[in-house]
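A short worksheet on the structure shown next.
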Amino acid sequence: MSKQLNREEAWALLTEYNQDPFHLHHARTVEGVMRYFAQELGYGDEVDFWGIVGLLHDLDWEEHEDDPMNHTIYAAEILEGEGASTELIRAIQTHTSDFNTSLPKPELQMEKILFACDELTGLIGAAVIKIGRA
């Protein structure tokens, strides 16, 4: 049976698999951007879902960053074990379809935004850290 994870459940799951402050900050950043776009684009009834997709998009990264080809395949296994919806799993997997062509490609507007904002927020976050150390 699938269910919609709430924000607290999603955060608990994320922090179970990730402890690095950078990864947690990145997850919260992508969550915020996803929530913003959901609201701005008129998906008000889906704001929480978009945010949870953003929060959990790299759920498996910290444990499996040495295997980017299968990034999100591990996450899918974790999420399936939690009873997460197929919509959540698919949305998360679309952001790595450029590494693994067997994964679904971004088709929905939300999936395309995740694909773009993940890379953009990661780049900006890394630049901020670099500048702060200069």
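Using a 1.4 angstrom probe on heavy atoms only, work out the carbon and sulfur share of the accessible area of segment 4-65 in %.
Details: 1590 of 3090 Å².
Ligands and nucleic acids excluded, carbon and sulfur give 52 percent.
Which value, in debye to the nearest 20, describes the size of the charge dipole of the chain about its Cα centre when Lys and Arg Cβ atoms bear +1, Asp and Glu Cβ atoms bear -1, and nothing else is charged? If you can, show how the numbers build up before the last one.
Values: 9 positive and 25 negative charges, 102 e Å.
That gives the chain a dipole magnitude of about 500 debye.
Along the charge dipole of the chain, which of 4, 83, 51 sits closest to the positive end, that is, farthest toward it, with unit charges on the beta carbon of Lys, Arg, Asp and Glu (+1, +1, -1, -1)?
Of the listed residues, the answer is 51.
Could you point to the label whose value was computed as P(r) over Cα pairs in 10 Å bins from 0, in percent for the structure here, given (i) 13, 46, 34, 6, 0, 0; (ii) 14, 51, 33, 2; (iii) 12, 42, 37, 9, 0?
This structure yields the entry labelled (i).
Report the charge-dipole magnitude of segment 34-100 in Debye, nearest 20, computed about the Cα centre from +1 at each Lys and Arg Cβ and -1 at each Asp and Glu Cβ. Display every interim value, and only then the final one.
Details: 2 positive and 16 negative charges, 63 e Å.
Using only the charged Cβ atoms, the result is roughly 300 debye.
List the residues whose amide H sits under 5 Å from the amide H of residue 84, counting only those 5 or more places along or on another chain, with H placed 1.01 Å from N in the peptide plane.
Here 3 satisfy the definition.
Over segment 23-134, give the accessible area per residue in Å² for a 1.4 Å probe, as an integer. Please list the in-between numbers first.
Numbers: 5860 Å² over 112 residues.
Accessible area per residue: 52 Å².
Going toward the positive end of the dipole of segment 13-134, with +1 on Lys and Arg Cβ and -1 on Asp and Glu Cβ, which of 100, 64, 124 do you reach last?
124
The values are calculated or read from the model by the stated rules, or taken from the named source; none is laboratory data. Keep in mind it's a predicted model, so treat the numbers as computed, not measured. When we count neighbours, we look across all protein chains shown, and the Cβ atoms used for this are built from the backbone with ideal geometry, even at glycine. Surface areas here come from the heavy atoms of the whole protein model, side chains and all, with no ligands, DNA or RNA. Shrake-Rupley method; radii C 1.70, N 1.55, O 1.52, S 1.80 Å.
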